[in-house]
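Asker: What follows is a structure written as structure tokens; I'll ask about it next.
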Amino acid sequence: KIRVETIDSTGSKFAQPLATSWLVETMGPNCIFTPIADGSLAVNLTRVEDVVQAQGEIKLSLRTDCSRCLERLVQDFKFPIALPFFPDGELPAGDEDGQLGADQMNCLTYVDSEIDLGEIVHDEVVLELPTKPLCRTSCAGLCPQCGVNLNLQPCDCPEPVDPRWAGVKGRKVN
């Protein structure tokens, strides 16, 4: 956590290693990604009156399995951070209809003059991680019948027949 009064208008640089054990706890027990090394957080914080702007990035190296072929893979991620923080209860108001603009959607708040960067890491990482990680975009996956990895070898399985069409199989149309 960072005290807001320690940040001035010229900016304060903040760099913090993200311990593997903390990342595992932050990402949660059901996360399909596992950190393989400590990550890093580098943020420049600037303040104008009570509003703090955070800009920087989170770097992580994570292990997971390809969602198509199930091969183990390691991916390096860089998650950009560009977020304004407002004192609790002082978020910018929407227009006269109450609609928020794009620049008002990503606003965060801080309480008791402290900004919790741990929340930023959690939110940015969870939102940016792919839901179906791939070893490569052209991954052929596994054969649904025999289970062979189609990236490594072809299989001789016959093309599966959709069971909904099995009743008309072999009928001839005039």
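Asker: Taking the Cβ of THR10 as the center, what net charge do the other residues with Cβ under 15 Å away carry, scoring Lys and Arg +1 and Asp and Glu -1?
Answerer: Charge balance in the 15 Å sphere: -1.
Asker: I would also like to ask the following. With the dipole of the chain worked out from charges on the C-beta (+1 for Lys and Arg, -1 for Asp and Glu) around the Cα centre, which of THR6, LEU70, CYS31 lies farthest toward the positive end?
Answerer: Among THR6, LEU70, CYS31, the one farthest towards the positive end of the dipole of the chain is LEU70.
Asker: ASN30 to ALA140: FRET efficiency via 1/(1 + (r/R0)^6), r the Cβ-Cβ distance, R0 22 Å, to the nearest 0.05?
Answerer: 0.20
Asker: Let me ask something additional. Of the beta bridges DSSP finds with both residues in the chain, what % are antiparallel, to the nearest 5?
Answerer: In the chain, approximately 90 percent of DSSP beta bridges are antiparallel ones.
Asker: Right, another one. Taking the Cβ of SER67 as the center, what net charge do the other residues with Cβ under 13 Å away carry, scoring Lys and Arg +1 and Asp and Glu -1?
Answerer: Around SER67, the surrounding residues sum to +2.
Asker: Moving to a separate point now. Please list, by residue number, everything in the stretch 128-150 whose backbone N is under 18 Å from a paramagnetic label point 7 Å out along Cα→Cβ of LYS169.
Answerer: Hits in the stretch 128-150 for LYS169 at 18 Å: 144-146.
Asker: Kindly list the residues of the stretch 16-48 that lie in the label zone of ASN151, defined by a backbone N under 17 Å from the point 7 Å along the Cα-to-C-beta vector.
Answerer: Flagged as within label range: 33-34.
Asker: Order these peptides, 24-35, 148-159, by their mean beta-carbon neighbour count within 10 angstrom, highest first.
Answerer: 24-35, 148-159
Asker: Over the chain, average the accessible area per residue using a 1.4 Å probe and give it in Å², no decimals.
Answerer: 68
Asker: Now, a different point. Using 25 Å as the Cα-Cα cut-off, could you pick out the over-long pairs in LYS132/LYS169; LYS13/LYS59; LYS13/LYS132?
Answerer: Check vs 25 Å cut-off fails for LYS132/LYS169; LYS13/LYS132.
The values are calculated or read from the model by the stated rules, or taken from the named source; none is laboratory data. Note that this is a predicted model, so its numbers are computed, not measured. Backbone-built Cβ (ideal geometry, glycine too); neighbour counts: all protein chains shown. Ligands, DNA and RNA are excluded from the accessible area calculation, which covers all protein heavy atoms including side chains. Shrake-Rupley method; radii C 1.70, N 1.55, O 1.52, S 1.80 Å.
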